[in-house]
Amino acid sequence: MISVELDKSYPNCRVLTGAKLEVAPGTVHALVGENGAGKSTLVKIVAGILPADRGTLTIGGANIPLASWDRRLARRAHVSIVQQHGAFAGSLSVVENAVLGAEPTKHGVLDLKPTATALAALGDKLGLAIDPWARVDRLSLGAAQRAEIVTALHVGAKLLILDEPTAVLAPVEVEGLLKMMKGLAQAGTTIVFVTHKLDEVRAAAHAVTVLRAGKTVATFERSEDTAAIARAMVGGELPGQSSIAEPGGDAKIALALRGVSVAAEGALASIDMEVRAGELVGVAGVDGNGQRELALAIAGLVAHTGTISLAGRDLSGRTPRERLAAGLAHVPEDRQHGGLVLDASIADNLTLGRADITGRFRIDRGAVAKFADARIAELDIRPASRDAIARSLSGGNQQKIVIGRELSRPNLAAVIAAQPTRGVDLGAVARIHGQLRAAAKGGAGVLVISADLDELLALCHRVVVMLRGKIVGERAGAALREQGARAALGEWMTGTRGAA
């Protein structure tokens with residue numbers, strides 16, 4: 001049995017209090033809870049990345065005080081972790097990251113080819129295709145995470161920790177990963193995976209532990225009662241969701257793209273698209289098929305050809321600041337590098353670039369405080385202190401800050417939301433979806449790019465599929481609710497269904 005019990009605090013913030021996790025060898029164990037519950041902190045301590053204030057880890061038959069546990073000892077014990085935001089060095093290739101600290105040589109010369117071949121073969125076997133020679137900082141988030149998962153498995157982990165492993169994977173990749181996890185467990189590997197998706201718990205986990213507010217509140221053996229798990233996570237019932245009517249045929253065009261291309265090879269190829277006022281349009285696709293470039297082009301953050309119009313106004317040549325001022329909201333796929341100043345406060349991040357709140361010539365601290373407190377309460381940002389530093393928050397609470405700033409912009413005409421609920425708990429998903437629906441109900445056109453096909457099916461009036469920089473399929477209205485819709489969209493995503 002692998003078990004841990006520990007406490008962890010940061011200045012003015014208690015993260016874990018007597019949190020317990022017990023995992024049977026050779027099983028898949030899910031760890032779930034709301035954002036800020038302490039899940040990532042707990043698994044980072046087990047992996048030796050963070051120190052604990054107090055606690056004991058039992059692994060390999062030994063009781064180890066966590067005060068003496070570190071990354072070096074964790075590696076010796078064959079503990080590997082794939083973190084939610086990645087840990088690879090961006091300036092190195094995938095294979096170079098894989099051999100760091102144990103560089104293979106042949107006749108005294110660095111020899112990476114055997115490792116690269118092994119990584120590529122393992123990725124293909126697992127259905128997680130990777131390019132071992134690709135430089136990490138040139139990969140999409142999904143491709144980088146696939147590479148880290150394959151590398152962790154390549155080094156032969158006996159305890160494999162996966163923190164939100166499916167957040168950036170396509171449905172077919174998720175199915176392959178869950179199947180692989182079960183196969184590894186049958187072969188003797190112990191797996192702990194952090195997730196917010198209870199269908200994954202039901203599909204792969206032998207047991208599940210629930211954290212809430214830094215404490216272990218429940219452990220379930222293999223259970224089909226996901227409703228009970230959800231109630232344990234949030235301490236009650238989830239907030240309800242109401243759909244909004246599809247806009248009429250006479251609705252104005254909020255966002256229009258005509259022949260939009262991005263020069264990078266295969267990135268974006270002559271995209272034509274319209275989003276009507278009041279419409280929620282989803283963009284599905286395996287990560288790395290042009291979705292990122294689509295969002296960046298609309299936001300003005302990457303050079304493009306073609307025409308992009310917002311409420312009839314041509315945005316060609318306009319700066320990102322001018323596009324925001326014209327009524328565009330942009331939720332970037334990487335909140336940490338594109339949406340936040342991590343060392344600034346919640347209040348400063350909520351009002352970043354919002355001269356309508358801060359004032360143009362001198363900062364109106366009273367207005368900033370009032371606005372920040374209202375957004376914190378509306379989105380349940382935790383901790384509920386406008387002065388808390390963004391870096392100290394969980395990923396889900398960081399995402400709420402970006403949502404709270406972008407979707408409250410005045411004169412909102414269109415929203416481009418890339419991976420809006422990636423790494424976000426069930427309660428926060430409901431709130432973020434509510435914000436997106438409210439934006440559409442208020443007359444904005446909303447474009448949602450997500451690797452989670454189920455999210456798009458639940459949220460959107462229409463879903464288009466991107467493959468190799470092109471739109472290859474579309475489902476809308478009643479056809480989107482048909483029994484075979486999910487399978488059809490998945491076939492377009494993987495290229496096994498011809499373009500429509």
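The values are calculated or read from the model by the stated rules, or taken from the named source; none is laboratory data. Only a predicted model underlies this, so the values are computations on that prediction, with no experimental measurement involved. Glycine gets a Cβ as well: all are built from the backbone with ideal geometry, and neighbour counts include every protein chain shown.
Please go through region 110-142 and give me each residue that is surrounded by fewer than 16 Cβ atoms within 10 Å (Cβ to Cβ), among the acidic types (Asp, Glu) and part of a loop (DSSP other than H, G, I, E, B), ordered by number. Across region 110-142, the qualifying residue is only ASP111.
Which members of region 291-316 meet the condition of being small (Gly, Ala, Ser) and either part of a helix (DSSP H, G or I) or closer than 14 Å to SER261 by Cα (or both)? Quick ask: steps written out before the conclusion?
Taking region 291-316 first, the residues small (Gly, Ala, Ser) are 295, 297, 299-300, 303, 306, 309, 311-312, 316.
Hits for region 291-316 are ALA295, ALA297, ALA299, GLY300, ALA303, GLY306, SER316.
When we screen ILE346, ILE253 for residues that are closer than 30 Å to ALA377 by Cα, modelled with pLDDT of 95 or more and outside the structural domain of ALA451 (by TED's automatic domain parsing), the only hit is ILE346. Within region 178-190, residues that are in the same structural domain as LEU160 (by TED's automatic domain parsing) sit with their Cβ atoms under 6 Å from residues that are of a type in the set (S, T, N, Q), at 6+ positions apart or across chains, in these pairs: ALA185/THR27. Residues in region 65-86 that are surrounded by fewer than 20 Cβ atoms within 10 Å (Cβ to Cβ) and either without any contact (Cβ under 8 Å) to a residue 60 or more places away in the chain or in a helix (DSSP H, G or I) (or both): PRO65, ALA67, SER68, ASP70, ARG71, ARG72, LEU73, ARG75, ARG76.
Could you check region 255-290 and list, in sequence order, the residues that are of a type in the set (Gly, Ala, Ser), more than 20 Å from LEU412 (Cβ to Cβ) and in a strand (DSSP E or B)? Show your work before the answer.
First pass over region 255-290, keeping only residues of a type in the set (Gly, Ala, Ser): 256, 259, 261, 263-264, 266-267, 269-270, 277-278, 282, 284-285, 288, 290.
Okay, now just the ones that are also more than 20 Å from LEU412 (Cβ to Cβ), so 259, 261, 263-264, 266-267, 269-270, 284-285, 288, 290.
Scanning region 255-290 gives GLY259, SER261, ALA269, SER270, ALA284.
Which residues, counting only those in region 143-157, are of a type outside the set (A, V, I, L, M), part of a helix (DSSP H, G or I) and farther than 27 Å from GLY338 by Cβ? Residue satisfying the conditions is HIS154 alone. Just for region 382-406: of the residues that are touching a residue at least 60 places away in the same chain (Cβ under 8 Å) and hydroxyl-bearing (Ser, Thr, Tyr), which one is nearest to ASP425 (Cα to Cα)? Ranking the qualifying residues of region 382-406, first place goes to SER394. Taken over region 177-202, residues that are small (Gly, Ala, Ser) and crowded, with 16+ Cβ neighbours inside 10 Å amount to 1. Scoring ALA89 on the criteria (1) touching a strand residue (DSSP E or B) at 6+ places or on another chain (Cβ under 9 Å); (2) of a type outside the set (Asp, Glu); (3) in contact (Cβ under 8 Å) with a residue 40 or more places away in the chain leaves a single failure, condition (1). Screening GLY259 on (1) assigned by TED's automatic domain parsing to the domain that holds LEU457; (2) exposed (fewer than 14 other Cβ atoms within 10 Å of the Cβ); (3) touching a strand residue (DSSP E or B) at 6+ places or on another chain (Cβ under 7 Å) shows it passes everything except condition (1).
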